[in-house]
Amino acid sequence: MLRLTKNFNIGQPMNMSSWFNFYSFDVMGDLGFGHSFGMLKSKQTHWAIKVMSNGFALTAFAFPAWFIRFLRAIPGATKAAEKMRKFFVEQMENRKRLHGKFQDPDIMHFLIEDYNKASLEKQNKLDHILPL
């Protein structure tokens, strides 16, 4: 609330939907990756959130599965999705390196614990789903 009063003129209209999104994704970043996306500080939507939102927008059209495969075959059509996948993999690798170093466990702590306790066969299956 203090940030809002510092950065904006009191009594002037503002897009609270954006600020709620900034707050929500920063909290999700804290809980999932051990750090926020910095959106409240930058006052801008993180590029990865934009890519994710654009991808969700495509689902509104209910394209058949074959059409999505067709789009993936077009050179450059999946550039943003590939950038997002690389970002996610990087975030997960960073989070795995930090595993056990937080005073208060976050959500990923328990998922990583479960993964580490799994058999090698199960880990290989999980790695095949999304190579990390």
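Miscellaneous remarks
- Computed [θ] at 222 nm, helices only, for the chain once each DSSP H run of length n ≥ 4 contributes -39500 (n - 2.57): -21000 deg cm²/dmol
- Sequence ranges 23-32, 94-103, ranked by mean other-Cβ count within 10 angstrom, highest first: 23-32, 94-103
- FRET efficiency for Lys43 and Glu121, using Cβ-Cβ distance with R0 set to 35 Å, rounded to 0.05: 0.15
- Overall dimensions of segment 23-132 as given by Cα atoms, namely Rg and Dmax in Å: 16.5, 47
- Too-long pairs where the Cα-Cα distance tops 28 Å, listed order kept, from Lys41/Lys86; Lys41/Lys117; Lys50/Lys96; Lys50/Lys122; Lys86/Lys122: Lys41/Lys117; Lys50/Lys122
- Ranked list, fewest to most other Cβ atoms within 10 Å of each Cβ, for Phe61, Phe88, Phe70: Phe61, Phe70, Phe88
- Residues Val51, Val89, ranked from the fewest to the most other C-beta atoms within 10 Å, line up as Val89, Val51.
- Cα→Cβ-extended label distance, 7 Å offset, between Phe63 and Leu98, nm: 3.4
- Counting only Cβ charges, +1 for Lys and Arg and -1 for Asp and Glu, the dipole size of the chain around its Cα centre is about 420 debye.
- Across the options Thr59, Pro75, Gln91, the greatest Cα extent toward the positive end of the charge dipole of segment 47-106 (unit charges at beta carbon of Lys, Arg, Asp, Glu) belongs to Pro75.
- Residue order for Asp106, Asp127, fewest other beta carbons within 10 angstrom first, comes to Asp127, Asp106.
FYI, it's all coordinate maths here, none of it is from the lab. All figures in this text were calculated on a predicted structure; none of them were measured in a lab. Here Cβ is always computed from backbone atoms with ideal geometry, including for glycine, and neighbour counts include all displayed protein chains.
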